[in-house]
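First comes the structure, then the notes that go with it.
The values are calculated or read from the model by the stated rules, or taken from the named source; none is laboratory data. If you're wondering where the values come from, they're calculated on a predicted model, not measured in any experiment. Cβ atoms come from the backbone with ideal geometry, glycine included; neighbour counts cover every protein chain shown.
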């Protein structure tokens, strides 16, 4: 976490949390969701949802994205957030808290740029999406890296076990939509 963020938290300890304004999609892109977007529907549809989802505006400012990613973490309830100075901005997740990239060097790297560590488990859902559990956490493999992932599966490095999408939050210990359980 940035030192300036820690200082702001100490200076203003009672800033209310923010819900519904920031989302992370299944390709590792960040989205801002204003009041109008939030009124159109949730960031992502969860099992059992009806109606459209409303992502909002994709962030494109590199420095802002880097700041968000340096200050991205989870609380004890598995709710992922961006610590924006003294304010905790909870993140709506389209898929998982991490989106894995598979560079040519054989590592697994999160959308935040953090190395994931050794793959502990490999899962595949009913739609063919591939997930990896690492010491960093559970994440979905980026669609652009599925050919690399398939090579690793065929080489026997990873053996995918079946999983249902609906079970991923419990398996990964994350809340895909903190806004749905937000106070007030």
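For the reader, a short list of remarks on this structure follows.
- Selection within the stretch 107-123 - without any contact (Cβ under 8 Å) to a residue 60 or more places away in the chain and either in contact with a helix residue (DSSP H, G or I) (Cβ under 7 Å, 6 or more places away or on another chain) or assigned to a loop (DSSP other than H, G, I, E, B) (or both): 107, 108, 112, 113, 114, 116, 117, 118, 119, 120
- Which listed residue, of 83, 69, is in contact with a helix residue (DSSP H, G or I) (Cβ under 6 Å, 6 or more places away or on another chain) and either modelled with pLDDT under 95 or outside the structural domain of residue 148 (by TED's automatic domain parsing) (or both): 83
- Residues that are under 15 Å from the mean Cα position of the chain (by Cα) and either loosely packed, with under 12 Cβ neighbours inside 10 Å or not in a loop (DSSP other than H, G, I, E, B) (or both), drawn from the stretch 20-66: 20, 21, 22, 23, 24, 30, 31, 32, 58, 65, 66
Yes/no matrix, rows are residues, columns are (1) at pLDDT 95 or above; (2) loosely packed, with under 12 Cβ neighbours inside 10 Å; (3) closer than 16 Å to residue 103 by Cα:
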| position | (1), (2), (3) |
| --- | --- |
| 125 | yes, no, no |
| 133 | yes, no, no |
| 136 | yes, no, no |
| 142 | yes, no, yes |
| 147 | yes, yes, yes |
| 162 | yes, yes, no |
| 167 | yes, no, no |
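- Each residue in the stretch 67-106 was checked for being under 11 Å from the mean Cα position of the chain (by Cα) and within 16 Å of residue 146 (Cα to Cα), and 4 of them qualify.
- Residue match in the stretch 2-18 (condition: under 14 Å from the mean Cα position of the chain (by Cα) and surrounded by 13 or more Cβ atoms within 10 Å (Cβ to Cβ)): no
- Condition check for residue 147: outside the structural domain of residue 13 (by TED's automatic domain parsing), at negative phi, out of contact with any helix residue (DSSP H, G or I) (no Cβ under 6 Å at 6 or more places or on another chain) and not in a loop (DSSP other than H, G, I, E, B): yes
- Scoring residue 180 on the criteria (1) under 30 Å from residue 20 (Cβ atoms); (2) part of a helix (DSSP H, G or I); (3) at pLDDT 95 or above leaves a single failure, condition (3).
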